[in-house]
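Down below is the structure, laid out as C-alpha cells.
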Amino acid sequence: LLAGHADKVWGIAVEGSMAVSSSKDTTLRVWDLNHLKSSQVLRGHGKGVLYTSLQGTMCASCSHDATVRLWDVEEGRCV
C-alpha cells in the first residue's frame, strides 16, 4: 500500500522502479517502488490532477485547472 495523497488518486504511471501518481488533492507524487515510499511531491496545479504520463525522468500531467505541465522528476520541478 502506498499512502500519501490527501484525496482520491486519479492516475498512475509506472516506469521501471519509479511511479508517478496524480490526485484530486492537486499534487503528483513520485514513488520509489523498491522502497515503497514517496520520494517527492510535485506541486503547481491549481485543481485536481487528472492524468499523468511518465517517460524516463520526464512526466506530463493535465489538470482540472485547464493546464498541461511537463515535469523533470529528478529535479522535482516543472520545466
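Only one of the listed residues (VAL41, VAL68) is among the aliphatic types (A, V, I, L, M) and within 17 Å of ALA3 (Cα to Cα). That residue is VAL41. Which numbered condition trips up THR26, out of (1) at pLDDT below 95; (2) farther than 15 Å from GLY11 by Cα? Condition (2) is where THR26 drops out.
Taken over segment 8-20, residues that are surrounded by 18 or more Cβ atoms within 10 Å (Cβ to Cβ) and more than 17 Å from THR67 (Cα to Cα) amount to 4. Where strands (runs of 3 or more DSSP E) sit wholly within segment 7-79, those with at least 1 residues that are among the small types (Gly, Ala, Ser) occupy 9-15, 18-23, 37-43, 49-55, 58-63. Note on segment 31-79: residues that are of a type in the set (A, V, I, L, M) and crowded, with 17+ Cβ neighbours inside 10 Å amount to 4.
The values are calculated or read from the model by the stated rules, or taken from the named source; none is laboratory data. In this text the structure is predicted, and so the values were computed from the model without any measurement. In this analysis, Cβ positions are derived from the backbone assuming ideal geometry, glycine residues included, and neighbour counts consider all displayed protein chains.
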